[in-house]
Amino acid sequence: MGEGRVSPNWVVLSLMLACLAAWLILDAVSVAPNRIVPGSAYAALEIMSGWPALLLTAPMLAVVVLAWRPDQQRLKLALATTVLLLALLPLWLSAATAVLVEPSMPQARVGIGPSLWLLLFLLLLVLIELRTRLALSRSMGWCLLLPMIVSWWLSLALWLEPLALQREYQARSAQFTSALTMHLVLVGAAVAASLVLAALLALAMRRHAGIRRAGFGVLNFLQTIPSLALFGLLLAPLAWLGTHVDWLAAIGVSGIGWAPAFLALLGYSLLPMVRNIHVALEEVDPAVIESARGMGMSRRQVFLQVRLPLALPIVIEGIRITTVQAIGLTAVAALIGAGGLGTFIFQGLGQAAMDMVLLGALPIIVMALFADALFGSLSERLRQGGTA
Amino acid sequence: MIELFDVTKRFGSEVAVDGISLRVETGELCALVGTSGCGKSTTLSMINRLIEHDGGEIHLDGQPVRSFDEVALRRRIGYVIQSTGLFPHWTVARNIGLVPRLLKWPKGRVRERVEELMQLLGLPVAEFADKYPRQLSGGQAQRVGVARALAADPDILLMDEPFGALDPITRETLQHELRELQARLHKTIVFVTHDMDEALALADRLVVMHQGRIVQQGKPIALLHDPVNPFVESLLGGMDRGLKEAALIQVGERMLPLGPRLLASERIAYGASLSQALSVMLWHQVDRLTVVDEEDIPIGELSLRRLLGAKAS
Ligand SMILES: Nc1ncnc2c1ncn2[C@@H]1O[C@H](COP(=O)(O)OP(=O)(O)O)[C@@H](O)[C@H]1O
Ligand SMILES: [Mg+2]
């Protein structure tokens, strides 16, 4: 195009240079003969010099060059290259595994080193930056992750059996499934219950100033209690209930387990939920409400057709915050025997088995990111049709 | 016909409206003017019962407003506010069709009515029907606001500073359109404004309010000539009152038929105001103008003497 020179995209440029540095300097993979013995770590070039190393270095350099004078065309090329890089990572890891693990080591465990973790993280940041620059839609952004996901799935299924994470998973896959389910159920139940309760509370608060003051006072106070302390506080009364009320005992209420975890989660979820619902309903433009009434809408019609739909994006924003928070807190709830993915984290920490910690932590991170993106885009979509 | 008998409204200890009596005839446009906070909006909102009055009575066509169901009452009265109050999550067409839908008109009839109104207010259906309010300019949004108020063909229209947020050019265009609309539709309109030129240009009856009371009311020209006190006088423009009155009189009313003399070189339209004619004279330093019709054909002449004689006749 005939325009003057575009200035470099410093974000992509520096992220990619950091990728290159991480790739060339840091350890990419560690190998241990079994679960007990500490492994030895290798940098990428120590494992395979020659073309496999170039396989990743060349695309990184290409993106650096493209980001130097980034017109639309080059940005698209850079994006394609980044997607390719993300898909190549597991393939490279598979190759490295094949090189490092000999058939004489059936118990060998391959760990993912700092270089690969960093690369994964930095490349995702590059992807986000490029998506924003090119003004691609959110759904397009998800599609861009597809090659990477397919590539990981393929590699895990075919070549990455010695990967420590995979070995940990295979050793307790049934336990993993039930922990994942428990985690999702706890989060889902806490968020759903807090949504219903918060909606009722927020409506009551709009009616009576007294309830509003008292309600926010209590909820703000709840939020300041550390989660472990809250579990502790719930222990005694729930234990008492569990032993004295038969039907509660029958559904499994006791001082530890799912009951205190659920109650604590509910307590923490209530404040962000109530606050968002309340603010959302209050902040609808008074002129819009006045004209709705002036046109002859009944109170009910004003609420259902005007106030609620205009408040919805902010309510969903509240669901987003609450869900992400509950996903994290549920991990802590494992400490009081509530189950969930936190179990792996704390067991792993106890046994100093980092791969087991990862087995719990990675799905939690993915779940949180997914919930964040899902509700974020939902809220944004509703906002587009409506307010602003 | 709208009648207020000794109507009062208090907010706590503050008296916002203090014993107002007022009668707006059917088909009349009544402008409420006054400094901000003098109770204009409160008076307006008591008519459709968005605010309930504390004392006195308000009648529509002889019936007290309290005898109607408030929701049904409001559906019979058009309401336009300064910030439009359009629903941001609804399209233009849906916004306009609001009251007919509340009244459960059949779908087809609602659509027809919406299209009719969009045409009436100069909003091409194909271009605007599916737009959202945030995609409209201020003037377009207020046209939609007026269309929405007219949708169920109410006899009464309440307008609270409807053009107050618009730029001067758009405002004048909309004032002009409202005047033409009113000439055709003959609604009973109560129009709140703090822009005196707007009030003078539109009103059949001018009501000046001050601190919750009516200080003076009557025809605009009558108020210009005989303000009851210095407050009304200064509100109406003080020394500018002469020009403001001249702005209300058309050149056509003062011109003389073409005489034997040569045509004056500067021209003025038949429908222009005397103040515009005076401005043209000042600008070109002449004391005689040729008056032309819409086709720019000379039909008369206006001299400075005739122009000044406006008051005498
Ligand atoms: N809802 C309300 N609550 C308390 N005071 C009000 C309310 N509405 C109006 N007022 C007061 O009543 C007076 C008249 O207000 P308003 O009718 O809005 O004036 P205007 O429209 O002439 O500017 C003002 O002093 C205003 O503060
Ligand atoms: Mg007002």
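The values are calculated or read from the model by the stated rules, or taken from the named source; none is laboratory data. Please read these numbers as outputs of a predicted model, since none were measured by experiment. All Cβ positions, glycine included, derive from the backbone under ideal geometry; neighbour counts span all protein chains shown.
A few comments on the model shown:
- Looking at region A:198-285, the helices (runs of 4 or more DSSP H) lying wholly inside it that each contain 3 or more residues that are of a type outside the set (A, V, I, L, M, F, W, C) sit at A:209-224, A:227-244, A:258-282.
- Condition met for B:Ala152 (away from ligand 1 (no atom under 16 Å from the Cβ) and not in a helix (DSSP H, G or I)): yes
Residue-wise test of (1) assigned to a loop (DSSP other than H, G, I, E, B); (2) within 14 Å of another protein chain (Cβ to nearest Cβ).
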| residue | (1), (2) |
| --- | --- |
| A:Met297 | yes, yes |
| A:Gln305 | no, yes |
| A:Leu310 | no, yes |
| A:Ile319 | no, no |
| A:Thr323 | no, no |
| A:Leu335 | no, no |
| A:Ala338 | yes, no |
| A:Phe344 | no, no |
| A:Gly348 | no, no |
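- Of the candidates A:Ser155, A:Ser227, the single residue that is out of contact with any strand residue (DSSP E or B) (no Cβ under 8 Å at 6 or more places or on another chain) and closer than 30 Å to A:Ala98 by Cα is A:Ser155.
- Residues that are within 13 Å of ligand 2 (Cβ to nearest atom) and at negative phi within region B:10-44 comprise B:Ala16, B:Val17, B:Leu32, B:Val33, B:Thr35, B:Ser36, B:Cys38, B:Lys40, B:Ser41, B:Thr42, B:Thr43, B:Leu44, listed in sequence order.
- Single residue of region B:170-202 satisfying the filter (more than 16 Å from ligand 1 (Cβ to nearest atom) and either closer than 16 Å to B:Ile2 by Cα or β-branched (Val, Ile, Thr) (or both)) that is surrounded by the fewest Cβ atoms within 10 Å (Cβ to Cβ): B:His186
- Qualifying residue in region B:121-132 (condition: of a type in the set (Gly, Ala, Ser), surrounded by fewer than 16 Cβ atoms within 10 Å (Cβ to Cβ) and more than 26 Å from B:Leu200 (Cβ to Cβ)): yes
- Qualifying positions in region A:332-349 - crowded, with 20+ Cβ neighbours inside 10 Å and at pLDDT 85 or above: A:Gly340, A:Leu341, A:Gly342, A:Thr343, A:Phe344, A:Ile345
- Candidates in region B:31-58 are the residues that are surrounded by fewer than 18 Cβ atoms within 10 Å (Cβ to Cβ) and more than 26 Å from A:Ala292 (Cβ to Cβ); of these, the one that is nearest to ligand 1 (Cβ to nearest atom) is B:Thr35.
- Annotation note: Cβ proximity below 6 Å between a residue of region B:156-167 that is under 15 Å from B:Lys40 (Cβ atoms) and assigned by TED's automatic domain parsing to the domain that holds B:Thr188 and a residue that is within 16 Å of ligand 1 (Cβ to nearest atom) and aromatic (Phe, Trp, Tyr) (sequence gap 6+ or interchain) occurs for B:Leu158/B:Tyr79; B:Met159/B:Phe191.
- Of all residues in region A:29-80, those satisfying the criterion of being among the aliphatic types (A, V, I, L, M) and farther than 29 Å from A:Gly111 by Cα are A:Val65, A:Leu66, A:Ala67, A:Leu75, A:Leu77, A:Ala78.
- The listed residues are A:Ala164, A:Ala229, A:Ala190, and the only one of them that is buried (at least 19 other Cβ atoms within 10 Å of the Cβ) and either farther than 21 Å from A:Gly360 by Cα or in contact with an Asp or Glu (Cβ under 8 Å, 6 or more places away or on another chain) (or both) turns out to be A:Ala164.
- Verdict on B:Val15 being surrounded by fewer than 19 Cβ atoms within 10 Å (Cβ to Cβ), more than 21 Å from B:Glu198 (Cα to Cα) and either within 14 Å of another protein chain (Cβ to nearest Cβ) or within 14 Å of ligand 1 (Cβ to nearest atom) (or both): yes
- Residue selection: B:Thr84 fails the criterion of being within 19 Å of the chain's Cα centre (by Cα), more than 10 Å from chain A (Cβ to nearest Cβ) and either closer than 17 Å to B:Asp160 by Cα or away from ligand 1 (no atom under 14 Å from the Cβ) (or both).
- Selection from region B:90-135 of residues that are more than 14 Å from chain A (Cβ to nearest Cβ), part of a loop (DSSP other than H, G, I, E, B) and in contact (Cβ under 8 Å) with a residue 24 or more places away in the chain: B:Leu121, B:Gly122, B:Leu123, B:Ala129
- Residue count, region A:113-138 (criterion: in contact (Cβ under 8 Å) with a residue 40 or more places away in the chain and among the hydroxyl-bearing types (Ser, Thr, Tyr)): 1
- Any chance A:Arg172 is more than 18 Å from the chain's Cα centre (by Cα), at pLDDT below 90 and over 20 Å from A:Ser94 (Cα atoms): yes
- Set A:Val274, A:Val196: member being closer than 24 Å to A:Arg383 by Cβ and surrounded by 13 or more Cβ atoms within 10 Å (Cβ to Cβ): A:Val274
- Residue within region A:281-288 that is away from chain B (no Cβ under 13 Å), within 16 Å of A:Leu197 (Cβ to Cβ) and of a type outside the set (Lys, Arg) present: yes
- Answer from A:Ala58, A:Ala43, A:Ala96 - the residue that is closer than 25 Å to A:Ile149 by Cβ and surrounded by 15 or more Cβ atoms within 10 Å (Cβ to Cβ): A:Ala96
- When we screen B:Val15, B:Val33 for residues that are in contact with a helix residue (DSSP H, G or I) (Cβ under 6 Å, 6 or more places away or on another chain) and touching a residue at least 60 places away in the same chain (Cβ under 8 Å), the only hit is B:Val33.
- The set of residues from region A:279-299 being over 22 Å from B:Pro154 (Cβ atoms) and over 38 Å from the mean Cα position of the chain (by Cα) is empty.
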